Each structure stands twice: as structure tokens, then as C-alpha cells.
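Everything on this sheet refers to the single structure shown next.
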Amino acid sequence: MAMKKNLIAKILILDCILILFGIINFRLLMNRAGLPPRYSNIINSFSFDVHNIYAGEEITEFDGKKIDRDGLLEFYLLNHSINDTVTIKSKLHGRIFENVVQLLPKYALSELGIMALVTLFYFFTGIYILLRFKPTAFAYILHMLAISTGMMVIFDWGETVTYSPLINFLLFTFFELGIFFVPALFLHFSFTYPMSESKSKFVVLVPFYFASTTFFIINICNLIAIFFFDKNITDSYFLSFHTKVADIFLIFGLILTIAKFEHSALTIKDKIYRKKIYCALLGISFGPLIYVFLMLIPRLILGYELVSASIMQFTIIIAPVMLLISVNIKETKPVVFSV
């Protein structure tokens with residue numbers, strides 16, 4: 001019992017450290033520079049119709065640097081502050097434009113407020129479940145899942161002007177940790193909730209955690225080369241793993257998670273546990289699954305999302321709400337799986 005209390009205390013200390021660094025990164029998000037509206041896709045978030053999305057001017061060169069891959073423009077913007085002036089080359093309908101533009105704030109105050117609220121709610125959910133259900137196996141996994149998801153929100157790129165390379169490296173590392181381990185943790189959660197599967201079935205998770213660790217190490221090595229050895233971002237694999245590999249991995253992990261929960265719901269006989277599963281599924285379907293089908297998949301195929309970030313931030317908070325409801329549904333008897 002004492003060992004478990006010490007473990008929980010250490011986990012809570014780590015949570016506090018992450019919150020502290022999250023506050024540090026939030027300052028960078030407030031200072032993050034963005035582009036004028038003419039270079040943005042105007043999204044009709046209520047129609048979800050690809051034909052109603054107005055594509056802005058496509059940027060081909062930013063301050064003398066060619067833009068030829070996903071994430072490159074966003075990375076270059078990290079080296080600038082709000083109100084900086086830059087030269088941008090773009091094209092629209094076959095015409096080439098070159099303009100000197102002033103960078104604007106990336107996020108409105110309302111968007112920053114939503115990001116802070118969502119992050120705090122995910123951290124609250126993770127800490128509450130850890131303390132409330134600490135005797136259960138799923139509490140530790142769900143805690144790590146909630147904290148990692150919160151990290152994906154609050155450790156988004158801000159800028160690299162304010163702090164030293166070491167602090168920037170740490171902030172980037174927390175972000176990579178979140179995006180690469182959330183898929184494996186989602187699937188792991190489906191094997192431990194509402195009750196833990198037999199240990200032999202956990203072998204399925206080994207490839208996912210191996211992939212998470214491998215992708216994370218690859219990008220950390222790339223970040224070390226970029227921040228401490230001045231390696232050009234275009235000569236590294238960082239953006240490829242941070243964008244396409246991470247997106248595909250998350251899509252794969254979430255779809256398998258939903259499939260596993262559906263299988264459990266169909267094979268479990270206890271009505272209370274079935275209710276818990278469907279409640280968790282509802283949260284995943286109206287949060288992370290929307291993120292997959294309206295943001296990740298369109299971004300991979302079309303090059304842009306079908307909903308705005310503000311709409312997505314509202315829906316993603318549904319997942320922890322439904323999980324809190326699910327775990328607090330009263331249990332009446334042991335669960336039995338059908339053969």
C-alpha cells in the first residue's frame with residue numbers, strides 16, 4: 001500500500017511539472033505569429049462540404065525559403081513574432097503573387113481560452129480517475145491517456161524566439177510524447193476497461209508501444225540535431241514523422257480502439273458494464289473520432305481540414321465528460337465474457 005501511495009505521489013508530481021511547462025508553452029501560444037486571412041482556407045464548419053471550402057492563396061515561398069512539404073511553413077513561422085514583416089510568394093488560379101506582409105496573431109483570445117480550458121479539464125479527468133479508482137488497472141492507463149491528450153493540446157507549437165534552445169527542445173519533446181503515445185494508450189485502455197483482459201491478450205499492444213517508442217526516439221534525435229547542431233529542417237525527417245506518420249498512427253489506433261470496444265460490448269453479458277462501454281464509445285465518437293474523419297483524414301488526402309480548430313476544440317472535450325460519466329456508473333455484479 002505504501003509503495004502504491006509513493007507511486008501515485010510521483011505521478012502527481014510529474015503532472016504538476018507538466019502543468020508548469022504547459023503554462024510556459026501557453027505564453028508562446030499567445031505570441032504565436034500567423035498569416036493574413038488571404039492565405040488561409042475559409043471553412044464553412046456547419047456544412048462539412050468540401051465544395052464550400054474556399055482555398056486561399058497557396059504559399060510557395062516564405063521569406064526566401066521554398067515551401068514544398070507539410071508543416072514546413074508552420075515551422076518557419078516559429079522563428080518570427082507577431083507584427084514581423086516577411087516576403088511571401090504565392091499562387092492562385094495560375095497567377096503568381098509576391099507580397100510583403102505583416103504577421104498577425106495566430107490565435108484569438110477566445111481560442112486560447114478554449115485551449116486552456118480543454119487542457120485543464122483533461123488533466124483534471126486524469127488526476128481524478130487516478131485518485132478515485134487507484135485500485136483498478138484502467139485508472140493508470142486512463143490517467144496517462146487523459147494527460148497525454150491534454151499535452152497534445154497545450155504543447156502545440158508556439159514560437160522559438162522567446163526561450164533558449166533547451167527550453168524549446170523540452171516543449172517540443174512533450175508535444176511529440178503526446179502525439180506518439182496517445183494511439184497506443186487508447187488501444188491499451190480498451191483492453192483494461194471496464195475490466196482487464198487476460199494477460200495473454202496484451203501481447204497485441206506490444207507492436208503499438210514499440211511503434212510509439214520508435215517514432216518518438218526518431219523525432220527526438222531529429223529535434224536534437226535541429227536545436228543543438230543547427231541541422232536544416234529540410235534535411236531531417238522530423239516533419240514527415242510529426243505530420244503524416246503521426247496522423248496515420250493516430251487514425252489506426254483510434255479505429256482499432258473503437259473496434260475493440262464494440263467487440264467487448266457484443267461479448268459482455270453484464271448490462272452495467274455494457275452501459276459503461278457504450279458511454280465511453282459515445283465520448284470517443286463525438287471527440288477523437290470527429291477529429292479523425294473531419295481533420296486528420298482530410299488533411300492527409302486533401303491537404304486541409306473540413307472543420308475549423310475552434311469547432312474541434314469544443315467537440316474534443318466531450319470525450320473526458322463521457323468517460324467521467326462512464327467510470328461513475330455503479331457496478332452491480334462481476335462481469336462475464338461469452339465464449
Listed by chain and number, the lysines with an alpha carbon less than 17 angstrom from that of K65, same-chain partners under 8 positions apart left out, are K89, K91, K231
In a Gaussian network model of the chain with springs linking alpha carbons closer than 10 Å, the residue among K276, K91, K106 that fluctuates most is K91
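Work out the P(r) tail for the stretch 92-183: percent of alpha carbon pairs separated by more than 19 Å, whole number.
58 percent
Which value in deg cm²/dmol, rounded to the nearest 500, describes the helix-derived mean residue ellipticity at 222 nm for the chain, given -39,500 (n - 2.57) per DSSP H run of n ≥ 4 and division by the residue count?
Details: 12 runs with 193 residues, N = 339.
The per-residue figure over the chain is -19000 deg cm²/dmol.
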Computed over the Cα atoms of the stretch 194-259, the Rg and Dmax in Å are 15.8, 49
Rounded to the nearest 10 Å², the 1.4 Å probe accessible area of M312 is 10 Å²
Pairs over 30 Å Cα to Cα, from K10/K269; K134/K244; K134/K269, come to K10/K269; K134/K244
A correct Karplus calculation of ³J(HN,Hα) over the stretch 73-80, with 6.51 cos²θ - 1.76 cosθ + 1.60, θ = phi - 60°, whole Hz and x for Gly and Pro, returns 4, 4, 5, 5, 5, 5, 8, 10
If unit charges are put on Cβ atoms (+1 for Lys and Arg, -1 for Asp and Glu) and the dipole of the stretch 52-153 is taken about its Cα centre, the option from F97, L142, G64 lying farthest towards the positive end turns out to be L142
Reduced to Cα centres, the span from the stretch 182-242 to the stretch 100-170 in Å works out to 18 Å
Shape descriptors of the chain over alpha-carbon atoms, Rg and Dmax in angstrom, are 21.3, 70
Among L289, H263, I301, the residue whose Cα sits farthest towards the positive end of the charge dipole of the stretch 261-302, when +1 is placed on the Cβ of each Lys and Arg and -1 on the Cβ of each Asp and Glu, is H263
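When only Cα pairs under 8 Å and 6 or more residues apart are kept, what is the percent relative contact order across the chain?
Details: 454 pairs, mean separation 59.3, N = 339.
Dividing the mean separation by the residue count of the chain yields 17 percent.
The values are calculated or read from the model by the stated rules, or taken from the named source; none is laboratory data. Bear in mind the structure is a predicted one, so any value in this text is a computation, not a measurement. Note that each Cβ is placed from the backbone with ideal geometry, even for glycine, and that neighbours are counted across all protein chains shown. What goes into the accessible areas is simple: the full protein's heavy atoms, side chains included, and nothing from ligands, DNA or RNA. Shrake-Rupley method; radii C 1.70, N 1.55, O 1.52, S 1.80 Å.
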